[in-house]
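See below for the structure under consideration.
FYI, it's all coordinate maths here, none of it is from the lab. Every value quoted in this text rests on a predicted model; they were computed, and no experiment measured them. Neighbour counts run over all protein chains shown; Cβ positions are idealised from the backbone, glycine included.
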């Protein structure tokens, strides 16, 4: 992509009302735009980045047998009344609205905006699951959730509107459920590893609600995290402070002295649902012996936008964003210094060559001062910066620099693809 | 995809309250699920189909220089108050809701759900467009629109919640705008051609609102269409009856006798916006002479879900769905009759071979009666059906049938890929 062909303008200052580092930097770098507290638009670079995160998640969801679907945001009251979660004192982040009542435009029935989809997917599955032969089923989606958060000051870490990957599992019995639950655990570690957060992300024991002893969160250690964790570094696990007790320690065979208190961001969670939704909504199947049984469910979430915000918080430095390779919207920031014919020609050729070799490149073909170009390259956070100027060409070279290092090296013109390829 | 691995169950009957043929068939075939009037969920086959439609649109949008972004559904009142479209008597399909007011959970400010995004994108562009050098810009998205339709009885043709591709253009002057506007016209014809609707889709002159003589709709002729058109077949254009007059006929140099009245579904529209939004929202740029001017805008919509519904209405027959090649979720329905070792082996091999050759295939590996399998194959509407049975294997063959024909032919085992490839 040529810089001149993308609408992108970096800013020295973030909006005054934006407190969170992740949103400040993403706004300054032109990745997102703030509509209001907790509501952001994804601009071209932001959407490419979000898409890369979603693609990594999607690939792993497909590997474990997930089937992708897309459920509606508008939620009729009916299913939620059955599960007992319609009232605002049960779910305190509902956004609700009303339909037109038909002729005369009187107000019709109340509707909710999806804050989660257990009710919807359980009701749908009643059409598809009748017998043990129809199970197990694993269905997931990337879909917008709306949560009416009274405080939304953490940028992409706590939004009122955000895309969520939510996977739901439908199993015949506890054992079949448990096997899949552990499969998702492993899948989630694979995802966070590929996203560049593997090292700092801990499987965290959290409250299982009324129908399970534990649920599990995937918490990435960062100072701005809203959760307090007790981390066991060598066992690579943590306990959410909300459930910390002597009993839990004993259960997990951990002693108090081994734990360190840290802050974390919940980048994913997996939750055994048991029959919490299948029973009130009537999702049953006939087992091998002809007996009617409720389906055993689980749910598994990752917020790609929250992951994006967490990556920013974790890697960014005082110069700007720093993206891991797999997530960066482009791999290379190609900076052309000067407008002489030889420089333009060499830069155009390098751009064509990288593009042909499927190496993502943002080509800064503007006529601006080198200092401005370098500051932009740092702020945008692409993994590699390549500079072409009269001076580098005198050495028949490009200058190559990694975002996270200050060292530069000269690369011969014909070595460019090799130096930047996998 | 193996039929046994996808949650899919066809139905003989659609829900009693579903009047529209497109939704009846898509529900019976397991492509979509109805949440309520005008609100549908996309199940795996439906989402693959929708994705193919979106990919065709996206590719053409990128070809004409569109940059993809993703704007929020929650709309703060501010921008809409400026354009004068906040009130329910100006836009009568608003869904509105309210934020939490913070501590104590009093109700906070009112919010709208996006029914369109002119206001939002215009406000965003104020951060990116300052000078003539920043123009033109073309930005588009696939995003959910919410429209509180009092009557939603046409299935995917008129939804209360639906994904829309909306492109917005920002130009320096009328000429630059007009050039792009015509480029989009051509791009839209290319899209509808690829979607299989080219022949039946007419460029239709419609009302331009207060700031332009005409806008242009792309209308696909079908009896269930909500619009009445006067079609000029040889000129491949139409006039929406809403604006039909002697003056318009003269303008377009058409005589009354050449026109035939038909029903159409509006599958796309393009609209010159002039300065309707740039002026009230203050989107100006400095021209070459240093003078401040309002940006000239256009908007360009296609609803992929409505397109999907229109394709169903247009092609379906009394046996079920009929998908054009480019839109079908899979190209081939591979039906295995019987469970003998030789049949299973031959079918498994055919499935592997087609998959290796990137020919999309839904492999019916269930043990059900041939009649049930054939009825499902017809209902699902994939372009080709391949049958493997003891009888076909005795001739070292598969049986091949196109969805829209009753003729079958025998294909030698080693000719399968050749017979089904492009």
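Here are some notes:
- Were the residues from residue A:190 through residue A:213 laid out at 0.36 nm apart, the gain over their Cα-Cα distance would be 5.8 nm.
- Bridge type composition, region A:332-420 - antiparallel percent by DSSP, nearest 5: 50 percent
- Taking the longest Cα principal axis of chain A as reference, the axis of helix A:174-194 is set at about 10 degrees.
- Our summary gives chain B a relative contact order of 16 percent, counting only alpha carbon pairs under 8 angstrom and 6 or more residues apart.
- Between helix A:44-63 and chain A: long-axis angle, C-alpha atoms, 0 to 90°, nearest 10: 50 degrees
- Pairwise label distance in nanometres, residue B:62 with residue B:318, each label 7 Å out on the Cα-Cβ vector: 4.4 nm
- Inter-part distance where region A:16-93 and region A:150-229 are each reduced to a Cα centre, Å: 15 Å
- Taking Cα atoms only, the orientation of helix B:370-380 departs from the longest principal axis of chain B by about 10 degrees.
- With the label put 7 angstrom out from Cα along the Cα-to-Cβ vector, residue A:390 ends up 8.6 nm from the copy partners, going from closest to farthest.
- Per residue of B:385-397, other chain Cβ atoms within 10 Å of the residue Cβ number 0 on average.
- Counts of other chain beta carbons within 10 angstrom of each beta carbon in peptide A:12-18 average 0.
- Between region B:257-308 and region A:238-292, the alpha-carbon centres lie 52 Å apart.
- Gyration tensor (alpha-carbon) shape descriptor, the protein assembly as shown, a/c threshold 1.5: rounded
- Spin-label proximity, residue A:226 to region A:5-40 - amide N less than 16 Å from point 7 Å beyond Cα toward beta carbon: A:19-23, A:37-40
- Summed over qualifying helices (DSSP H, 4 residues or more, each -39500 (n - 2.57)) and divided by its residue number, chain B shows a 222 nm mean residue ellipticity of -8500 deg cm²/dmol.
- Ordering of B:353-362, A:328-337 by packing is A:328-337, B:353-362, highest average first (other Cβ atoms within 10 Å, averaged per residue).
- Cα shape, chain B, gyration tensor, a/c 1.5 rule: prolate
- For region B:332-420: rounded, prolate or oblate by the Cα gyration tensor [a/c cutoff 1.5]: rounded
- Modelled spin labels at residue B:77 and residue B:406, positioned 7 Å past Cα toward Cβ, are 6.4 nm from each other.
- Ranked by the mean number of other Cβ atoms within 10 Å per residue, highest first, peptides B:24-31, A:92-99 order as B:24-31, A:92-99.
- As a rough footprinting exposure proxy, the listed residues A:248, B:267 were ranked by other beta carbons within 10 Å of their own, and the order from fewest upward is A:248, B:267.
- In chain B, the beta carbon lying closest to the axis that superposes B onto A belongs to the residue given here with its whole-angstrom distance, B:97, 2.
- When B:159, B:299 are arranged by Cβ crowding within 10 Å, least crowded first, meaning fewest neighbours, the order is B:299, B:159.
- Amide N proximity, region B:395-422 versus residue B:356 label position 7 Å along Cα-to-Cβ, cut-off under 16 Å: B:413-421
- Each of A:82, B:2 has some number of other Cβ atoms within 10 Å of its Cβ, and from fewest to most they run B:2, A:82.
- Inter-copy label distances for residue A:185: 6.3 nm (label point placed 7 Å from Cα along Cα→Cβ; shortest first).
- Taking the label point 7 Å along Cα→Cβ, residue B:342 and its counterparts in the other copies are spaced 7.5 nm apart, in ascending order.
- Calculated FRET value between residue B:98 and residue B:151, using beta carbons and R₀ = 30 Å, to 0.05: 0.70
- The mean count of C-beta atoms from other chains within 10 Å of the C-beta of residues in A:107-115, rounded to a whole number, is 2.
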